[in-house]
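Peer 1: Have a look at this one.
The values are calculated or read from the model by the stated rules, or taken from the named source; none is laboratory data. In this text the structure is predicted, and so the values were computed from the model without any measurement. Counting neighbours? That spans all protein chains shown, and the Cβs are built from the backbone with ideal geometry, glycine included.
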Amino acid sequence: MSTITITRKVKLEPTKEQDILLQKSCQKYVDACNFIAQWIFDNKTLTMKEISKSIYHQVRRDYNLPSQMAQSAMRNVISSYRAIHSTNKKWSIKPTFRRSKMDYVWNRDYSINKTTKDFSINTIDGRIKISTCWTGNEKFSSQEKYGTATVQYKRGKWILHLPVDIDVEDVSLDDVSNIVGVDMGINFLATSYDSKGKTTFYKGREIKDRRAQYKRLRSELQSKNTRSSKKRLASIGSRENRWINDVNHCIAKALVNDAGKNSLIVLEDLTGIRSATERFCKKDRYVSASWAFYDLRQKIEYKAHMSGRLAVALDPAYTSQKCPKCGYTSRKNRNKKKHVFCCKKCSYTSNDDRIAAMNLHSMGIQYRMQLSLIHISEPTRPY
């Protein structure tokens, strides 16, 4: 048994008075985070004990934050600095907090009533209970373990981003009976190839057409530049995001179901998706190449782990250029405009997305063999 963490989005339904209080609390919290960020930048320390000793009382006094919210703000800023330091030169960048969101620790800053499902949360004026809307995959379970949550105000709505730890049964590589290679791309959002030689193509052309419609409508509204057009523009953006999320859910669900139990799903690590966008001219890039591929990968991985499948992401380098039959690799094998692969050595011909999925399937077989060899070569511990 292993544990995976997923994030659920739950809509909060505060009263008018609660909404005003949340807005005030959020602004105070963000202001406090910016103050803490500046103090840390000036003093060059990320030690919670030292930070708390120096400015804890000032943060509580100046920003009217309860004890838990003041500590949460400090931890949030420290976490942001550590994330920056992991990819940039130390103390070269100071984080800035602008968004209307607050972080809360389970059973300290927030809790959920098991009967009413109400959300109890800290504010600058004490604790309040807010009604919630749990729907679909966001159904509440008293057996689940919750982590540090984020409350965010976006487009006139309060959303609770709730990390949930879920226990799932482990699947051994020894039990794998089907390996599925999955290529993600532009013409088809996903193309799979399994151990039985079955190829499945998942939506592509109609999605590109619909994105083109969204782009045209967005351009028309931007050219008007009126208050009503700006309002409608924001509404369209939200509608498109919901549609993208729904499409990814449907594709991930269908792909995982098609794979079947005890399957190993081999995905791309998606580093090639960014470079793929660069090959399109700027005016066509939005329609042709911009899609939430990372979100799609996350959904496939999550649904796989939740349903007794394995999922692994491997480097997809040359998967669209290598012949799955003879192994010959060349850029000339692939006609990108026609989406056709034709091996210059053995003349094997097929759809280029299918070729990539076939090569990922082969990589999955090698991956399984390598791990099996490592397991066999491990010395047996004496008892």
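Peer 1: Mind telling me which of the residues Thr3, Thr7, Thr45 ends up being out of contact with any Cys (no Cβ under 7 Å at 6 or more places or on another chain), surrounded by 13 or more Cβ atoms within 10 Å (Cβ to Cβ) and in a strand (DSSP E or B)? Before you say what the answer is, go through the steps one by one.
Peer 2: Numbers: Thr3 fails: surrounded by 13 or more Cβ atoms within 10 Å (Cβ to Cβ); Thr45 fails: in a strand (DSSP E or B).
Result: Thr7 is the single residue among Thr3, Thr7, Thr45 that is out of contact with any Cys (no Cβ under 7 Å at 6 or more places or on another chain), surrounded by 13 or more Cβ atoms within 10 Å (Cβ to Cβ) and in a strand (DSSP E or B).
Peer 1: Can Ile93 be described as over 19 Å from Thr7 (Cα atoms), touching a Ser or Thr at 6+ places or on another chain (Cβ under 9 Å), free of Cβ contacts under 8 Å to residues at least 12 places away in the same chain and of a type in the set (A, V, I, L, M)?
Peer 2: no
Peer 1: So, one more: Filter the range 211-227 down to the residues that are surrounded by 14 or more Cβ atoms within 10 Å (Cβ to Cβ) and free of Cβ contacts under 8 Å to residues at least 40 places away in the same chain, then identify the one that is nearest to Ala292 (Cα to Cα).
Peer 2: Tyr214
Peer 1: Closer than 21 Å to Asp352 by Cα and among the β-branched types (Val, Ile, Thr), is that true of Ile244?
Peer 2: Numbers: closer than 21 Å to Asp352 by Cα: no; among the β-branched types (Val, Ile, Thr): yes.
Answer is no for this residue.
Peer 1: Just checking, which of Gly272, Gly308 is within 18 Å of Asp353 (Cα to Cα), modelled with pLDDT under 90 and not basic (Lys, Arg)?
Peer 2: Result of the check over Gly272, Gly308: Gly272.
Peer 1: So which of Trp39, Trp91 ends up being hydrophobic (A, V, I, L, M, F, W, C), surrounded by fewer than 15 Cβ atoms within 10 Å (Cβ to Cβ) and in the same structural domain as Val10 (by TED's automatic domain parsing)?
Peer 2: Trp91
Peer 1: Moving to a separate point now. So, Asp165, is that one in contact with a Ser or Thr (Cβ under 6 Å, 6 or more places away or on another chain), of a type outside the set (Gly, Ala, Ser) and touching a residue at least 40 places away in the same chain (Cβ under 8 Å) or not? Talk me through it step by step, then tell me what you get.
Peer 2: On the way: in contact with a Ser or Thr (Cβ under 6 Å, 6 or more places away or on another chain): yes; of a type outside the set (Gly, Ala, Ser): yes; touching a residue at least 40 places away in the same chain (Cβ under 8 Å): yes.
Taking the combined requirement at face value, the residue satisfies it.
Peer 1: If you don't mind, another one. Does Asn76 count as surrounded by 14 or more Cβ atoms within 10 Å (Cβ to Cβ), out of contact with any helix residue (DSSP H, G or I) (no Cβ under 8 Å at 6 or more places or on another chain) and either part of a helix (DSSP H, G or I) or among the basic types (Lys, Arg) (or both)?
Peer 2: no
Peer 1: Something else: Considering only residues that are β-branched (Val, Ile, Thr) and either modelled with pLDDT under 85 or surrounded by fewer than 17 Cβ atoms within 10 Å (Cβ to Cβ) (or both), which ones fall in the range 106-145?
Peer 2: Thr115, Thr116, Thr135
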